[in-house]
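Structure, as structure tokens:
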Amino acid sequence: MGHDVSAALDRVLARRQRHVAVLAGDGTVRDAVEKLAGLAPGHWLPDLLILPGGRTNLTAADLVPRGDALGTLSDALARAGDGRWDSAVVERRPLGIVQAPAPPRFGFFFGGAWVDSVVRRAQDHRYGGTGPLRTGHLSSPWVVAKLAALAMVGRADLSTPALAIEAEGCGSLYGDMRLLLATTLLHRTGALDPYAPRGHGPLRLTAVTAGARRFWSALPRLLTGRYSTAMTADKGYLSGRCERVRITGLAGYVLDGERFDTDPARPIEIVPGPALRFFSR
């Protein structure tokens, strides 16, 4: 966790400052979320206003769809000033990533298999040189586009780890995995929402095996959440809501853009984290 974020939140907690604005990208937001989610049950918590200020802003976009930082801040200040703040506050539960004996990690977007590989490649590309296609906003889309083209002809060399995935309330999937995604975000804007509208529980999960039937032709449906009746676990697709997830065989993952290496011999559990309060509209 960033020392500056932790120290700033220590001061917020000490003086019980109720309204806290975080102008940052997903990585720094994750630092703040992990600090607060790791407090003892029943500990006093502030309300967070997440403003988009980084390279990726999935959490901010989910809480305030299509909101720009200045406009959202202005609206929040007006609501705090005239007593309407509480009507705009929602509770959200981050993902808790648990692999004993390490302490749990918390965040909103988890990715493994191809997602983990692509994020790591994009970060290595960005920090491996100079120029607009290395350090600019086009660097990550450039890497993703190249890898997508290579993947379609089987030359991307992306990780397809052999995993055992058991999702309580959703089902199970075993084999070499192409895609592995989990979130508690709702993806309220845009077409991208790669989770099937089925099952129950606070977690949203999608996993796809390397041998999934008609993967490339089904990909547009998968990415937009429009799963067909043929996209089932016995065909290599597991997606929907669930209570918790247990994954065995995973050697690494990304959480809100930050990469973590793990012991594949020990299972990882994804569970709902504690409820945190956020400004939303």
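The values are calculated or read from the model by the stated rules, or taken from the named source; none is laboratory data. Just so it is clear, the structure is predicted and the values come from calculations on it, not from any experiment. Backbone-built Cβ (ideal geometry, glycine too); neighbour counts: all protein chains shown. Areas reflect the complete protein model, heavy atoms only, side chains present, ligands, DNA and RNA absent. Shrake-Rupley method; radii C 1.70, N 1.55, O 1.52, S 1.80 Å.
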The one condition in (1) open to solvent by 70 Å² or more (accessible area, probe 1.4 Å); (2) farther than 24 Å from Gln123 by Cα; (3) touching a Leu at 6+ places or on another chain (Cβ under 7 Å); (4) not small (Gly, Ala, Ser) that Arg246 fails to fulfil: (3)
Filter result for the condition that a residue is β-branched (Val, Ile, Thr), without any contact (Cβ under 8 Å) to a residue 60 or more places away in the chain and farther than 22 Å from Ser117 by Cβ, over Thr206, Thr189, Thr232: Thr232
Test: residue in the range 199-207 that is surrounded by fewer than 21 Cβ atoms within 10 Å (Cβ to Cβ), at pLDDT below 95 and in contact with a Leu (Cβ under 7 Å, 6 or more places away or on another chain): no
Check on Arg241, of a type in the set (Lys, Arg), part of a strand (DSSP E or B) and open to solvent by 70 Å² or more (accessible area, probe 1.4 Å): yes
Subset of the range 8-23 that is touching a residue at least 40 places away in the same chain (Cβ under 8 Å) and hydrophobic (A, V, I, L, M, F, W, C) - its residue that is farthest from Val89 (Cα to Cα): Leu23
Options Ala218, Ala212, Ala230, Ala265; residue that is crowded, with 22+ Cβ neighbours inside 10 Å and not in a strand (DSSP E or B): Ala212
Selection count, the range 14-52, where residues are among the hydrophobic types (A, V, I, L, M, F, W, C) and open to solvent by 30 Å² or more (accessible area, probe 1.4 Å): 7
Matching residues, the range 30-53, being under 10 Å from Leu276 (Cβ atoms) and touching an Asp or Glu at 6+ places or on another chain (Cβ under 7 Å): none
Only one of Thr189, Thr183 that is in contact with a Lys or Arg (Cβ under 9 Å, 6 or more places away or on another chain) and closer than 16 Å to Phe110 by Cα: Thr183
